[in-house]
Each structure stands twice: as C-alpha cells, then as structure tokens.
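FYI, it's all coordinate maths here, none of it is from the lab. What you see is a predicted model; the values in this text were computed from it and never measured. Ideal geometry is used to build each Cβ from the backbone, glycine not excepted, and the neighbour counts take in all protein chains shown.
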Amino acid sequence: MNDYVIPLCYLAAGGLFIVGLKGITQPKTARRGLQAAELGMLFAIVGTLLHKEIIDFTWIIIAFVVGSVIGALMAVFVPMTAMPQRIALSHAFGALAAGLVGTAEYYNHQPEIGAFTMAAITLEVLLGFLTFTGSLMAFGKLHELLPGRPQVYPGQNYVNISVLLVAVGAGVWLVVDPAQTWLFPVIAVLAAAFGVMLIIPIGGADMPTVISLLNSYAGLSAVAMGFALDNKALIIAGALDGSAGFLLSVIMCRAMNRSFTNVLFGAFGQADTSAAAGGAVEERPVRSATTEEAAMLLETARSVIIVPGYGLAVAQAQHRIRELADVLTRNGAEVRFAIHPVAGRMPGHMNVLLAEADVPYDQILDMDEINADFAQTDIALVVGANDVTNPAARTDKNSPIYGMPILDVDAARTVMVVKRGMKAGFAGVENELYFQDKTLMIFGDAKKVAEGLVHDLEATVRA
Amino acid sequence: MSTAIETGLYVFLLATFVGFEVIRRVPPLFHTPLMSLTNAIAGISLVGSLVIAGSDHGVTSTVLGAIAVTASTINVVGGFLITDRMLKMFKPREARKPATAAKVAANGAGTSAVVASEGASR
C-alpha cells in the first residue's frame, strides 16, 4: 500500500509548495499560502516516515525535538532588525543538512554507485558545504562578528577559482571512479574553504545580493539531493528555492546597476572610499536646519514622502518615524514611504521593519510606483539613505554609481536629509543632492532627530 | 538514461519555470517573507535526513543523519513560524482608500491596468 501512499504524499507536498508561494504574491492570500506550504511539509514528512528503510525512530525523535525547540526559540526571539542574519543562518543549516546527507549516502553505498547518482551526490556535497561556510561567513559579517569591509589581496580571484576548480576536478574523478574514497573528504574540505573565500572580499552593503545567491545555492543543493535520492518533492522544493534566490539576486544586482561577476569579484567601493575620504568635499556650503525649523516647514506641507535607508534601521528609528508620519497625517498631510530595492540588508528588509512599526503596507511604495510622484510632493524626507538618492547616478557618467536606478527625491519641492554627518555613503561618492538650494540637512542620529521632529511638530501644530 | 533520471530532469525543469513565473509576481513588499518561506520549504532536506537517521547503516551514518535532521527541523519549524510572525505584521490601512489598497495588491504584476488605476487615484 505504501508504494502508493508515499509517492502521493510527495506529490501533494510539491503541489502545496507551489500553491503556498502563489499565495504570497498578494497581501490578502499570504497567510493562507503559508498554511498551504505548512500542510505540504506535513505530507512530505509523513510520507517519509512511512519508508520501510527507517527502522529506528529514537534518533529521529531526539533530533526532531531539539531542532523544533531551537527553531521555535529563534523564530520567537529574533528581532526584525536581525532578520538578515537569521536568514543567513538558516541557509547554513539547510546546506549543512544537504552536505551531511550526501556524505552519508556516499559512504553507505560506495563503491556501487551509478555515474548519475554519484554526480548528484558530488554536486550536493559541493554546494552544501560551500553554502554552509559561505552562509556562516555572511552571518558573521551581518552580525558584525567579522569586519564588514571587503578583505582583498592581490590574486585573490585566481586563488579562489583555482580552489573551486580543484574541487570540481576531484568531483569529476570521483564520478568516474567512485571507489577513490580519499577524494571525498578532499571535495568536502575544498568546498568549505571556497565558501569562506568567496565571502571574504564581499562588503557588508552587498549582502542583499549575497544572501539571495546563497539562498539559490541552498536550493540547488536540495535539488541535487533530490536527484541522488530520486525524490521528486525534494527536486520541486529545491527548484522553487533556487529560482527564488536567483530572481532576488538578479533584482538586487539590477537595483545597484551591477553584474553578478562584479558583486562576487569586484570588491566594490574599496578604492573609492579612500579617495573620497580626503576631506575637500566637506568645504562646500550646505544648508543645515534645526528640528524646529524643519518642523515649521513640515507643518505647512500637504504631501510628504519619507525615504528610509539602512541608517534608519541602524538607529532603530522606525517607530519614531512612524510617529512622525502619524502626526503629519493628523495635520492633514498625505504621507507615504518610498523604498529602494536595496534599502536594508536583505531584499524587502525595510518593508518588514516599517510593518513592524505598524506602518500600513499600502502606505509603503516601491521605487517604480512612487518615482513619478516626487515632482508633486512638498517635502521629501530622506532618513539614513544616501547613494540611492544621488542624482549623479543619472547625470555623472564618471560616477561609480552611474546608471543605478535612484529615487528621484530631488524632484520634490523641498528635500530634507537626516544624516549623522557629511560622510560619503557606501559607494564613497559625494551626494550632489546635499548641495542643492532646496535641500535642508538635519544633522544628528536618525532616532533623536525623529523624536525632535515629532516633539517640535506637535508644538507647532498646537501653537 | 533511466526513466527515473529522465523524469527527475523534467520535474526540475518544469518546477524551475513555475518557480520563476510565480515568484516574479511576489511584490518587493514581501521579499523578506518570501525568502524565509522558501527557506522553510527547502527544509524539505528533512526528507533525506530522516531516512539516513532512521536506517541501519552504522553509527557514523546515524549521527550524520541526526545532525541533518536537527538542522533541517530548525529550518522547517523556525522558517514557518517566523514567516507567520512577519506576515501578521503587514496590515492595510483602514478601508479608507480602496484604490490604493487594490494597487498595492496588484503591485508586481506590472500590468498597464495598474498604471491606469494609479493615474486615476491621484
């Protein structure tokens, strides 16, 4: 009977996963989609437990309980600002599982392994271990356990690629001759080393792309596992994960006007930062304002667009900014939030932070939706964002960010920029926006400035 | 080529296309929950891990399997719970501006109808 039940369980799982992802394309159906995916997972697990190969449940139950407790604790206690780190860690866990299953599969069945299965196992182990260590490195950089700046040395790319090539070469040899057991640990170790080396030269601000890419690799290692075990549900789930990660990394690259190779091998921003930190830049005059002066202008504004950037998340200012939006709305202004695709440390991160601060999602618009509206807006309030508002991306062919799609805040009647100082952004380029006549700089920590603005605006409105 | 491999390749090809088509329509609003959901789904490596942990191939195999089960379970349980926690936070404005709500709902589809409704609402 199980010959029918098990495949049908997997079939249901694969279908429900697709239904689940379809749900998340719309706010209204998102949670129903999640439930469909959960049901799918239940089918997959039940189907697997029926396998007659499983004869002892002791370790399964222990591991399952331990994993559930750790997973639940992480889910409940991780703050939303730390979401990128958590996602990086879960890529690491998923990839570790794939690597270990591949390892066990190999040692349990060698040397009688067909060429195709062997290739699948090799791929699974390669991707699994490189994603495992790569994700741990990404976690370390995001959690600031490791320096976020790109670490580069001469010939780095050649060294990295040679390591990968040797690992792949060893993999090919093993496929040809599965009895060469000594090759297996070599592949695993080289893959793990490559994962570390791949992330070392990548800077903190490229993390949205890197996380998405690691997501894709984790998915592909699951696909390889699916081929090794001839399990279609694994192939479907892995393919969905892989394509999601790939699409997101393409979106991130496009949002920065950079290519994949440039993100992975370019060590962006390295040279420019040192050049721009020279100081001559800060000599030019800017108009700065106090929160009282800014509040007076905001009081008269009928339409305000708030542009949050990573600086807002760093200062944990999202709740204060939402209060400011509330006061402005009560004062009769139309307030909206404009989100650049790479605002934050992972795709969509800023949306989650604003949602956590109770900003209604229909008040949050992405770049393409809102860009045309800046021209009819009284005040654009930029909080902790820099490069994504730099008009040089449109005009200056020599700028390193030329061609990057930006938010057209300079089209608004007045621009207010909340910033800690005149330091250049991640790309190391000075922002022309700050020197325009219509721009007011409000210097200070985003959270403190937002508090000040709320306080002064309430006072102005009452007066 | 054996039938199993061939079917597997077809499944992979089609699932990738379906994945691209569906995920392309996910609005940027939900990119973080999307990633955490696909993470939970990829926790299906649990399927392979369970068989290794429960079958009789010696101690090493069981230990590897048990670690793999733990790691995948963290992803499955944690991934679904945290996606739910995030999705619960996304709330619409009180039904004051249905036009805007509809627009955000349709966002990402990139149809000309969206542009039209956008123009009409302002």
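To test your reading of the geometry: what angle, between 0 and 90 degrees and rounded to tens, separates the Cα axis of helix A:156-176 from the longest principal axis of chain A?
20
Beyond a 26 Å Cα-Cα separation, which of these cross-linked pairs lie in this structure: A:K419/B:K91; A:K397/A:K438; A:K141/A:K419; A:K52/A:K232; A:K22/B:K88; A:K141/A:K423?
In this structure, A:K419/B:K91 lie more than 26 Å apart at Cα.
Please work out whether segment A:103-253 counts as rounded, prolate or oblate from its C-alpha gyration tensor, where a ≥ b ≥ c are the square roots of the eigenvalues and a/c under 1.5 means rounded, while otherwise a/b larger than b/c means prolate and anything else oblate?
Oblate.
What is segment A:334-448 by shape, rounded, prolate or oblate, if you read a ≥ b ≥ c off the alpha carbon gyration tensor as root eigenvalues and call it rounded for a/c under 1.5, prolate for a/b larger than b/c, and oblate otherwise?
rounded
Find how much the distance from A:L11 to A:N398 grows on full extension, using 0.36 nm per residue of separation minus their present alpha carbon separation; answer in nm with one decimal.
Gain in length upon complete extension: 133.9 nm.
Amide H to amide H, which residues 5 or more places from A:R302 or on other chains are under 5 Å from it, using H placed in the peptide plane?
Here A:D378 satisfy the definition.
May I ask you to derive the relative contact order of chain A, considering only C-alpha pairs under 8 Å and at least 6 residues apart, and to give it as an integer percent?
14
Ranking A:F17, B:F20, A:F184 by Cβ neighbours within 10 Å, fewest first, what do you get?
So the residues, fewest neighbours to most, are B:F20, A:F184, A:F17.
Would you mind classifying chain A by shape? Square roots of the alpha carbon gyration tensor eigenvalues, ordered a ≥ b ≥ c; an a/c under 1.5 is rounded, otherwise it is prolate if a/b is larger than b/c and oblate if not.
Note, shape of chain A comes out prolate.
Among A:A98, A:P79, A:N160, which residue has its Cα furthest toward the positive end of the charge dipole of segment A:34-172, with +1 on Lys/Arg Cβ and -1 on Asp/Glu Cβ?
The one lying farthest along the dipole's positive direction is A:P79.
Using only Cα atoms, tell me the angle between helix A:318-330 and the longest principal axis of chain A; keep it within 0 to 90° and round to the nearest 10.
Once rounded, the angle reads 50 degrees.
Could you work out Rg/(2.2 N^0.38 Å) for segment A:186-245, with Rg from alpha carbons only?
So segment A:186-245 has a normalised radius of gyration of 1.28.
Among B:S49, B:I5, B:I23, whose Cα sits farthest toward the positive end of the charge dipole of segment B:3-91 (+1 at Cβ of Lys/Arg, -1 at Cβ of Asp/Glu, about the Cα centre)?
Of the candidates, B:I23 comes out farthest on the positive side.
With angles folded into 0 to 90 degrees, how steeply does helix A:115-142 sit against the dominant principal axis of chain A? Use alpha carbons for both and round to 10.
The angle comes out at about 30 degrees.
For segment A:26-79, which trypsin sites (Lys or Arg not before Pro) are both in a DSSP coil and crowded by at most 13 other Cβ atoms within 10 Å?
In loop regions of segment A:26-79 (DSSP not H, G, I, E or B), the sparsely surrounded trypsin sites (Lys or Arg not before Pro) are A:K28, A:K52.
Compute, for the protein assembly as shown, the length of the dipole vector about the Cα centre, with Cβ point charges of +1 (Lys, Arg) and -1 (Asp, Glu) only. Units Debye, rounded to 20.
It works out to roughly 900 debye.
Using only alpha carbon pairs under 8 Å that are at least six residues apart, calculate the relative contact order of segment A:1-77 and give it in whole percent.
Dividing the mean separation by the residue count of segment A:1-77 yields 31 percent.
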